[in-house]
Amino acid sequence: MVSLLKRSLAIISILVIGYWLAQGLAGVPFGEDKMLVGHYYLQHVKEQTGAVNAVTAVVVNYRGLDTLGEVTVLFIASTGVAALLWRKKRERTAKVGGSPVLTVGTKFLVPFVMLFGAYIFIHGHLTPGGGFPGGATIATAFLLLYMAFTIYEIPHKAFEKVEGLAGMGYVLVGLIGLAIGGYFLFDWIWQDWQWGVDNIGRLFSGGFIPIIYTIIGIKVGTELSGIVDNMLKEEVRE
């Protein structure tokens, strides 16, 4: 009897959900162009944001609040890793360093990797890239240092301060927009001052997008480096 009742409820639920889906699909204008929002972005992205890269404009400007949420998720993940390892004495246990090729190559490549990461997020409004890939690239430089040298360790206190300041900077830029334009993350640089209006396609354009991406790049880089540090250390058994 119980089994029959469960099956009946399941069938009724499927029928109700199917009816709702059918009603929703019935109102879809099949065969018509439904990319109205996408077309709007492509037609107005330069004049409204100053960015050449439309994807960047959508991520940082039109949907900047979503990007703030993504950064928050990464922060929570980093905090979660630290919380799991809280009060546990951990240190690096690697005894063998990298090969001569790795150590010499790391000393040579690390500055260029960091420079390339900075290039990615600073030029995010002009070319494919942005704060997340730029920050991840910078984190790989610290991963190289960990792989090459057994005694290397990131400066935790400095990284924590930089990470916190970057997060506050993002919120501060959004609050300035709220005070000037009436909503959070209003592009006060582009809309009010038309900063770089004659330089579209050049570095000094895109309103506050380069600023936001620089903040995101620094925050993502420090957070991912902290996660790498935590993952490469092992608990010390006394």
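Considering only trypsin sites (Lys or Arg not before Pro) in DSSP loops that have at most 16 other Cβ atoms within 10 Å, the longest stretch of the chain without any of them is 96-201. Dividing the helix sum by the residues of the chain, where each DSSP H run of 4 or more adds -39500 (n - 2.57), gives a mean residue ellipticity at 222 nm of -22500 deg cm²/dmol.
Kyte-Doolittle cut-off 0.5, length cut-off 27 Å along the helix's own axis using Cα: show which whole DSSP H helices in the chain pass. Length and hydropathy pass: 2-26, 64-84, 100-122, 156-181, 209-232.
Note that the stretch 33-235 presents 56 Å² accessible area per residue, ligands and nucleic acids not counted, probe 1.4 Å.
As a fraction of the 1.4 Å probe accessible area of the chain, surface on carbon and sulfur atoms comes out at 69 percent. The charge dipole of the stretch 33-235, taken about the Cα centre with unit charges on the Cβ atoms of Lys, Arg (+1) and Asp, Glu (-1), comes to about 660 debye, rounded to the nearest 20.
Among the lysines of the chain, pairs at least eight places apart or on separate chains and with Cα atoms under 15 Å apart come to 5.
The values are calculated or read from the model by the stated rules, or taken from the named source; none is laboratory data. Quantities reported herein were computed from a predicted structural model and do not represent experimental measurements. Cβ coordinates were reconstructed from backbone atoms using ideal geometry, including for glycine residues, and neighbour counts include every protein chain displayed. Quick note on the areas: whole protein, heavy atoms, side chains included, nothing else; ligands and nucleic acids left out. Shrake-Rupley method; radii C 1.70, N 1.55, O 1.52, S 1.80 Å.
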